[in-house]
Amino acid sequence: MQRVDRLFANLGAPGAVVSLATPVDDRWVASLTEGERSLVARAMDKRRREFATGRRLARAALAELGHRDAEILSGPDRAPIWPGGVAGSISHCDHAALVAVTDAARATVGVDVEHRSALKTELWKSVFLAGEIEALERYFDSSSRGLFALVLFSAKEALYKAQYPQTTTYMGFSELHVTIEPERDRASGRLVCTFQNDVGDASRAPDARFPAGFVAEGRYLLEATEHVRVATSVLIPRARG
């Protein structure tokens, strides 16, 4: 297991965020609890292997926050049910799993991991806004454009996971505009995620709604580990101005 603390660097995280990654491995299937095993009882071997690796990694991250031997079941919406006081996110692909956990009273987090080398151009119009496509074509050359399109897609996945615990609301790709701000070597950078529409319902809880124009920040890493091509994160503080 490898720490990927860089995913939350310079985000002003209000409290510790534990983020870990590890290769997907069959051996973690045996570590599932009875309840967790029931969630993937009918799944294909690939799905069971990825699920088990994510749960094992999540338990390791939770232990750093003082929650040992936690069973991580899923709700009706298939989102992980975290121990009380914890906000977290799990992502996995064919090759690796990525997890982040933090204090739920202070923030919610979302992570996404991808092992593909690019997002195919024919998919762009279904997941990106016109302005996002224009930025990809303007700021990234043909050799890297597909990779940064994958970063953009991954950022939207991470944002969805970060906002969902606060709103419990589905939001589509078009409800978010993401700006990628690469750092000097382009292997890492900042993500600026701007809500295009109101999401959630403030009558349910004061922080259960994000108004249009709300900005959440995140980061991306390329080649974050040997098995991770793209990793993204988004952190949303609970106290919002």
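Just one of (1) 1.07; (2) 0.91; (3) 0.98 is Cα Rg over 2.2 N^0.38 Å as worked out from the coordinates here. Which one is it?
Derived directly from the coordinates: (3).
Using a Förster distance of 45 Å, how high is the FRET efficiency between Glu64 and Val192, based on the Cβ-Cβ distance and rounded to 0.05? Mind showing how you got there, number by number?
Numbers: r = 29 Å, r/R0 = 0.64.
The calculated FRET efficiency here is 0.95.
What is the packing order of peptides 73-85, 196-208, taking the mean over residues of other C-beta atoms within 10 Å and listing the highest first?
On the way: 73-85: 12.0, 196-208: 14.4.
Highest to lowest by the protection proxy: 196-208, 73-85.
Let's see if you can work this out: charge +1 on each Lys and Arg Cβ, -1 on each Asp and Glu Cβ, no other charges. What is the dipole magnitude of region 170-209 about its Cα centre, in debye to the nearest 20? The partial results should precede the final answer.
Details: 5 positive and 7 negative charges, 15 e Å.
So the magnitude is around 80 debye.
No value in this document is a laboratory result; all are computed from the given coordinates. This structure is a prediction, so every number in the text was calculated from the model and none was measured. Heads up, the Cβs are rebuilt from the backbone with ideal geometry, glycines too, and the neighbour counts pull from every protein chain shown.
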